[in-house]
Amino acid sequence: DILPEFGDLSNFLAIISIGDSPAAIDKLIAAMSDIKKRYGKKSMELIASEYVEPEVVIMPTEAFYAETDQIPLLKAEGRISTESVMAYPPGIPILAPGERVTIEVIEHIEHARANGSLLTGTEDPKVEKLLVVR
């Protein structure tokens, strides 16, 4: 019965307020302790960063309206994306139109996929292919 406000691959946000009882707060603390015991990982097992520095090559609108090719994500390194890729949670774009697809971006997308994130934003619902500038 705990509903986090936000989460990503290794974090979540729980908000408490004056309306929460001490018992509810104790329940949250106990649940966090249990999660750590059951699923805790050493820091070296976690992704180094939840954020990949974007390399913006052209304006997003220019990329969005450009002629495109749809290619496998794993072969898109070096190309310019015309669509966004978001992992939910948290729903923050890993890649946006006009950005260069780097190996770090591809690895981050694949890491998110392997860890159960829902990938959205692309024409391909499986996010195995990506639209890039022709």
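Structural remarks
- Among residues of segment 98-133, those that are in contact with a Gly (Cβ under 9 Å, 6 or more places away or on another chain) and crowded, with 20+ Cβ neighbours inside 10 Å, counted: 2
- Residue match in segment 51-69 (condition: modelled with pLDDT under 95, touching a Leu at 6+ places or on another chain (Cβ under 8 Å), surrounded by 12 or more Cβ atoms within 10 Å (Cβ to Cβ) and hydroxyl-bearing (Ser, Thr, Tyr)): no
- Of all residues in segment 1-31, those that are modelled with pLDDT of 80 or more and open to solvent by 90 Å² or more (accessible area, probe 1.4 Å) total 7.
- Among the conditions (1) assigned to a loop (DSSP other than H, G, I, E, B); (2) over 24 Å from LEU3 (Cα atoms); (3) of a type in the set (Ser, Thr, Tyr), the only one that THR61 does not satisfy is (1).
- Taking every residue in segment 78-107 that is in a loop (DSSP other than H, G, I, E, B) and pairing it with any residue that is among the acidic types (Asp, Glu), at least 6 positions away or on another chain, the pairs with Cβ-Cβ distances below 6 Å are PRO89/ASP8; PRO90/ASP8; VAL101/GLU77.
- Residues satisfying the stated conditions in segment 33-50, i.e. modelled with pLDDT of 60 or more and surrounded by 10 or more Cβ atoms within 10 Å (Cβ to Cβ): SER33, ASP34, ILE35, LYS36, GLU50
- Of the numbered criteria (1) part of a strand (DSSP E or B); (2) within 19 Å of the chain's Cα centre (by Cα), the one ASP69 fails is (2).
The values are calculated or read from the model by the stated rules, or taken from the named source; none is laboratory data. In this text, all values refer to a predicted model and were calculated from it rather than measured experimentally. For neighbour counting, all protein chains shown are included, and Cβ atoms are generated from backbone atoms with ideal geometry for every residue, glycine included. When the accessible area is computed, the model is the full protein with side chains, heavy atoms only, and any ligands, DNA or RNA have been set aside. Shrake-Rupley method; radii C 1.70, N 1.55, O 1.52, S 1.80 Å.
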